[in-house]
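Inspection log for the structure reproduced underneath, given as structure tokens.
The values are calculated or read from the model by the stated rules, or taken from the named source; none is laboratory data. Model, not experiment: these values are computed from the prediction. Cβ placement follows ideal geometry from the backbone for every residue including glycine, while neighbour counts extend to all protein chains displayed.
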């Protein structure tokens, strides 16, 4: 019971170096550390509360809003497939195919921005990209230059040279490109962090002194899984992991906190000014990390933080009202999408019959000549004669 009470005390703002069994000195660093320790524990308490609230909001969002978003995406995907089906019909004129293609591009762009990419959507997006790369020599040279500029900009901003060639780009979907870039950025950061860790470890060997070793060995014996203690220690397994981390990072503050929890009757620990400055550095880094996290929440840098700021209020009733408002908006969106798809399905289904029944006033041979594209001049005259008259009716039928 005594150790449980001691453990509880460590998570209050009353923690200082004396509580951690460090011998008091007149050093200014000693006083600065005590001030920062109090601030650190207060910030940790706020941070834990903030994280709990974010988890709470995200859980509710995922249960209530995400299914509605998914349904809208599925409906938009149906519209995309209908436009693609319409565009593939031989009986549809070039002008209307281009209009359908614009709709397809618009929907895919929306999906890309929203991070939604099913296999069907990815396939269509990839085919469009491949068609876009049928370029003249001049256009291809310009595209290559733009591609190289983009790669240079990525390298300048991230320090990474993406392993993607222009030829590969022709056969890659946006999903493939995004995945490749994200993987390379992840591996780059991982390698950088590992290098920094190794350099830091090498630097920290200077602090691997007898005092640190002595405290570590005593705690390792107490927390070892095979060690039977007269008094049960709460969270023994987690404390052993924390101790190992403290050893890896040469983190005196973490070591002292664990020591105060599991070995409170130890003699006072004497630390010189170099050790105290190292403790101060660790505390400063933790405070900076908490500050960065809180700023990220405040400025909505990720979707999960944006949800928190949009939906969290002190009063549960206010948050509930916000959720209901969004649900109503999205339900209306679902109805609109269904109606939109229904109209387009009907129009696409009847397109071939509509065109077949339309009398353009030409002899069959002349019409066949035009449809085969053998005379560009006749095509221009043909469009001038009838396009304006039947285009409005067709657009009303297809797009309204």
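If the condition is being closer than 30 Å to residue 212 by Cβ and touching a residue at least 60 places away in the same chain (Cβ under 8 Å), then the range 292-319 contributes only 293.
Of the residues making up the range 251-270, at least one is in contact with a strand residue (DSSP E or B) (Cβ under 7 Å, 6 or more places away or on another chain) and surrounded by 12 or more Cβ atoms within 10 Å (Cβ to Cβ). The set of residues from the range 79-106 being under 19 Å from residue 334 (Cα atoms) and exposed (fewer than 15 other Cβ atoms within 10 Å of the Cβ) comprises just one member, 106.
For the range 244-291, the set of residues classified as assigned to a helix (DSSP H, G or I) and more than 19 Å from residue 15 (Cα to Cα) consists of 244, 245, 247, 248, 249, 273, 274, 288, 289, 291, listed by residue number.
The rows are residues; the columns are (1) over 24 Å from the mean Cα position of the chain (by Cα); (2) at pLDDT 90 or above; (3) not assigned by TED's automatic domain parsing to the domain that holds residue 19.
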residue: 270; (1), (2), (3): yes, no, no
residue: 274; (1), (2), (3): yes, no, no
residue: 281; (1), (2), (3): yes, no, no
residue: 288; (1), (2), (3): no, yes, no
residue: 291; (1), (2), (3): no, yes, no
residue: 302; (1), (2), (3): no, no, yes
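Given the structure, is residue 317 assigned to a helix (DSSP H, G or I) and either surrounded by 11 or more Cβ atoms within 10 Å (Cβ to Cβ) or in contact with a helix residue (DSSP H, G or I) (Cβ under 9 Å, 6 or more places away or on another chain) (or both)? No; evaluated as a whole, the condition is false for this residue. Restricting attention to the range 17-34, the residues that are over 16 Å from residue 267 (Cα atoms) and assigned to a loop (DSSP other than H, G, I, E, B) total 2.
Of the candidates 298, 337, the single residue that is at pLDDT 85 or above, surrounded by 13 or more Cβ atoms within 10 Å (Cβ to Cβ) and under 27 Å from residue 68 (Cα atoms) is 337.
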